[in-house]
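Trainee: If you scroll down you'll find the structure; I have some questions about it.
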Amino acid sequence: MIRLILLLIIAVCGATLPAQVAVFHDNPATAARTVDPFLIAQTAAMRPDRIADLIREPWDRYTMRVQLDPSGPRLSGEVTVQFTNRSEVDFDTIWFHLYPNHPDFGGRLDVTSAQLDGIPVPSRTLHGDTLIGLLTPHAIAPGQRATITMTFTARAPRNASQRIFGAYNMEAGVWSIASFYPLLARYIPGMGWDTRPIVARGDFTVSAMALYDVTVEAPADWRLVASGSRITYQANDSGNQLARFVSGPQREFYLAALQGLAQASAEVDGTRVVSYFRPDDPAAGERSLAIATTALRVFNQRFGVYPYAELEVIQAALTQFYGMEYPGVVLIEQSLYQRDDRVLETTIAHEISHQWWYGLVGNDAQGEAWLDEGLASYSQILYYEMIGVPEQAQAELDAFRTVYRRLRERGGDAPLATPPAGLDNGRYVPVVYAKGALFFHALRQRIGEEAFNAFLQGYVAAAGYREIAGPDLLRAAEQACECELDDLFHNWVITATEVTIP
Ligand SMILES: [Zn+2]
């Protein structure tokens, strides 16, 4: 996400299946009977050379069927989650996030029925119905699989982006339907279920990688855009469409329904990039596509290749922030398309870099937000360096220095590891984004260009599809430089030592 406050300051400153997926079992004699149709469908979401990523882990699987009623706007659906208890303890409650019940979403998500392995189960909710716990009739042991089916209804606000989180909202031709379904909470070894109340500072969603197979029914005059790739489409006589999407391994499933937007598309390194924009300024729309394709190309080179078949950019009414990242989809505030400075470019680059920092390399956005936001902010600088606009890279860096210096002048410095909940008094953006970006600049200066590049590539290669914490980043950097960085980490991340601003 990019919040308004920081960018205001910046603006002033200037399918072939590999055998293992098709078969998925060792014994060729039984291959015909052991083909996994769920997994085969998923291959459409991946670049052909990354299909094997689908079997890196036995990810949980969501199968959903959703009916959209834009006149509400409201929706209803059924979700089946096949999950495995990967912890060391028995589960007697299984927790799901119900994000639309948070006041910042301004909507409602109600679970109308719940079953575990076909048996109806009771439930209880927590923190203003933002979490639902399904009480299991029998303990689910470590390693045991279970299938949960829930039916749900949801509604969303209209024209709410001036007041609340615009990504769950219908406005300006975009029904953005983020986090609309019961999303399995994470179980953290040694801590238990992640049932913390949501902190409305920064990104809301923290969830584990999973595979999604989602069929959406909606009026045919709405364009559906979602995480992953659409694999089937049917229009029926009653004016409805039925579209099926598969995601590949993703941290959540994003869905939007668009009306009246134009589109332009291009291909980058085997990924189809589509930009959706308001038709009144097609030049700005084409520009958004050009920026997105450039960003994807340079980040592919610098970080390692984006493994999915599609990436979408949507011009949306976010109003209170400039951009928001979801798996395979980024939202960009509509007013940026009319500006003659570089804020549209910076925002698109930032949000697309989140496909690596948040998407591939996951972290606890509600606990260590700097891990993804700091590196996404520093990616703005890398982007401008790589496209040969060093003066803008310098301007971005100077903006972060200014924000961080002002924070220190008012005595607001805090360790990067401070959870967003502890960053009150306007300190969230200066610490997480500005100081976070400067940490990566300090790291780069310390270990040198070659090791810094090795760090970026090695970090994605080792931590891709996983969730990491601060010490994992330290380890990845130390491996890249073959040096000790404990002092750097201690001064910037663990404590608020008065560091030299790089
Ligand atoms: Zn961000």
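Trainee: Restricting attention to strands (runs of 3 or more DSSP E) lying wholly within region 297-355, give those where 1 or more residues are farther than 29 Å from GLY106 by Cα. Steps first, please.
Mentor: Values: elements: 310-316, 321-326, 329-333.
Passing ranges, in order: 310-316.
Trainee: Please give the helices (runs of 4 or more DSSP H) falling wholly within region 1-82 in which 1 or more residues are exposed (fewer than 14 other Cβ atoms within 10 Å of the Cβ) and either at pLDDT below 50 or of a type in the set (D, E, K, R) (or both).
Mentor: Numbers: elements: 4-12, 19-23, 31-34, 37-42.
Those helices (runs of 4 or more DSSP H) span 4-12, 19-23, 31-34.
Trainee: Also, quick follow-up: Tally the residues that are more than 16 Å from the ligand (Cβ to nearest atom), open to solvent by less than 20 Å² (accessible area, probe 1.4 Å) and part of a helix (DSSP H, G or I), restricting the search to region 393-414.
Mentor: Restricting attention to region 393-414, the residues satisfying the condition of being more than 16 Å from the ligand (Cβ to nearest atom) are 393-395, 397-398, 401-402, 404-414.
If we keep only those that are open to solvent by less than 20 Å² (accessible area, probe 1.4 Å) as well, we get 393, 395, 397, 404, 407, 412, 414.
Remaining after also requiring part of a helix (DSSP H, G or I): 393, 395, 397, 404, 407.
So the count comes out to 5.
Trainee: Is it the case that region 131-147 has a residue that's more than 22 Å from ASP213 (Cα to Cα), part of a strand (DSSP E or B) and basic (Lys, Arg)?
Mentor: Checked region 131-147: no residue is more than 22 Å from ASP213 (Cα to Cα), part of a strand (DSSP E or B) and basic (Lys, Arg).
Trainee: I'd like the full set of residues that are within 15 Å of the ligand (Cβ to nearest atom) and touching a Lys or Arg at 6+ places or on another chain (Cβ under 8 Å), limited to region 380-392. If you could, list the steps in order and put the result at the bottom.
Mentor: Going through region 380-392, the residues within 15 Å of the ligand (Cβ to nearest atom) turn out to be 380-383.
LEU382 - this is the single residue of region 380-392 that is within 15 Å of the ligand (Cβ to nearest atom) and touching a Lys or Arg at 6+ places or on another chain (Cβ under 8 Å).
Trainee: For region 204-241, enumerate the residues that are within 16 Å of the ligand (Cβ to nearest atom) and buried (at least 21 other Cβ atoms within 10 Å of the Cβ). Spell out the reasoning first.
Mentor: Here is the first cut: in region 204-241, the ones within 16 Å of the ligand (Cβ to nearest atom) are 204-206.
Selection gives PHE204, VAL206.
Trainee: Count, please, the residues in region 89-105 that happen to be at pLDDT 95 or above, of a type outside the set (A, V, I, L, M, F, W, C) and surrounded by 14 or more Cβ atoms within 10 Å (Cβ to Cβ).
Mentor: Number of matching residues: 6.
Trainee: Among (1) loosely packed, with under 15 Cβ neighbours inside 10 Å; (2) closer than 30 Å to PRO157 by Cβ; (3) among the β-branched types (Val, Ile, Thr), where does ILE291 come up short?
Mentor: (1) is the only condition that ILE291 fails.
Trainee: Within region 265-282, which residues are part of a strand (DSSP E or B), open to solvent by 10 Å² or more (accessible area, probe 1.4 Å) and of a type in the set (Gly, Ala, Ser)?
Mentor: Within region 265-282, SER265, ALA266 qualify.
Trainee: Same structure, new question: Can GLU310 be described as more than 16 Å from the ligand (Cβ to nearest atom), open to solvent by 10 Å² or more (accessible area, probe 1.4 Å) and under 19 Å from GLY248 (Cα atoms)?
Mentor: Numbers: more than 16 Å from the ligand (Cβ to nearest atom): yes; open to solvent by 10 Å² or more (accessible area, probe 1.4 Å): yes; under 19 Å from GLY248 (Cα atoms): yes.
Yes; evaluated as a whole, the condition is true for this residue.
Trainee: Assess whether LEU289 counts as being more than 14 Å from the ligand (Cβ to nearest atom), under 14 Å from the mean Cα position of the chain (by Cα) and more than 30 Å from ALA414 (Cβ to Cβ). Write out each step before concluding.
Mentor: Numbers: more than 14 Å from the ligand (Cβ to nearest atom): yes; under 14 Å from the mean Cα position of the chain (by Cα): no; more than 30 Å from ALA414 (Cβ to Cβ): yes.
Here the answer is no, as LEU289 does not meet what is asked.
Trainee: Looking at GLY190, GLY166, GLY143 in this structure, which one is at pLDDT below 95 and open to solvent by 50 Å² or more (accessible area, probe 1.4 Å)? Before the answer, list the steps.
Mentor: Values: GLY166 fails: open to solvent by 50 Å² or more (accessible area, probe 1.4 Å); GLY143 fails: at pLDDT below 95.
Result of the check over GLY190, GLY166, GLY143: GLY190.
Trainee: Still on this model: In region 350-379, how many are more than 11 Å from the ligand (Cβ to nearest atom) and among the small types (Gly, Ala, Ser)?
Mentor: Counting residues in region 350-379 that are more than 11 Å from the ligand (Cβ to nearest atom) and among the small types (Gly, Ala, Ser) gives 3.
Trainee: Still on this structure, I have one more. Name the one entry in ALA376, ALA414, ALA365, ALA395 that is in contact with a strand residue (DSSP E or B) (Cβ under 8 Å, 6 or more places away or on another chain), farther than 20 Å from ARG287 by Cα and among the small types (Gly, Ala, Ser). Give the steps one after another, and end with the answer.
Mentor: Working: ALA414 fails: in contact with a strand residue (DSSP E or B) (Cβ under 8 Å, 6 or more places away or on another chain); ALA365 fails: in contact with a strand residue (DSSP E or B) (Cβ under 8 Å, 6 or more places away or on another chain); ALA395 fails: in contact with a strand residue (DSSP E or B) (Cβ under 8 Å, 6 or more places away or on another chain).
From the options ALA376, ALA414, ALA365, ALA395, the qualifying one is ALA376.
Trainee: Quick check: is even one residue across region 427-446 surrounded by 17 or more Cβ atoms within 10 Å (Cβ to Cβ) and farther than 24 Å from ASP398 by Cα?
Mentor: no
Trainee: Continuing with this model, one more query. I need a count of the residues in region 112-139 that are β-branched (Val, Ile, Thr), open to solvent by 30 Å² or more (accessible area, probe 1.4 Å) and under 24 Å from the mean Cα position of the chain (by Cα). It would help to see each step written out before you state the result.
Mentor: So in region 112-139, the residues β-branched (Val, Ile, Thr) come out as 112, 119, 121, 125, 130, 132, 136.
Remaining after also requiring open to solvent by 30 Å² or more (accessible area, probe 1.4 Å): 112, 119, 125.
Add one more test, that the residue is under 24 Å from the mean Cα position of the chain (by Cα), and what stays is none.
Within region 112-139, residues that are β-branched (Val, Ile, Thr), open to solvent by 30 Å² or more (accessible area, probe 1.4 Å) and under 24 Å from the mean Cα position of the chain (by Cα) number 0.
Trainee: Take ALA417 and decide whether it is surrounded by 14 or more Cβ atoms within 10 Å (Cβ to Cβ) and in contact with a Gly (Cβ under 9 Å, 6 or more places away or on another chain).
Mentor: Values: surrounded by 14 or more Cβ atoms within 10 Å (Cβ to Cβ): yes; in contact with a Gly (Cβ under 9 Å, 6 or more places away or on another chain): yes.
Yes: the conditions hold for ALA417.
Trainee: I'm checking my understanding of the structure. Among residues of region 313-349 that are open to solvent by 10 Å² or more (accessible area, probe 1.4 Å) and either β-branched (Val, Ile, Thr) or over 25 Å from ARG158 (Cβ atoms) (or both), which one is farthest from the chain's Cα centre (by Cα)?
Mentor: ASP340
The values are calculated or read from the model by the stated rules, or taken from the named source; none is laboratory data. What you see is a predicted model; the values in this text were computed from it and never measured. Glycine also receives a Cβ, built like all others from the backbone with ideal geometry; neighbour counts cover every protein chain displayed. Heads up: the accessible areas ignore ligands, DNA and RNA and are worked out on the full protein's heavy atoms, side chains in. Shrake-Rupley method; radii C 1.70, N 1.55, O 1.52, S 1.80 Å.
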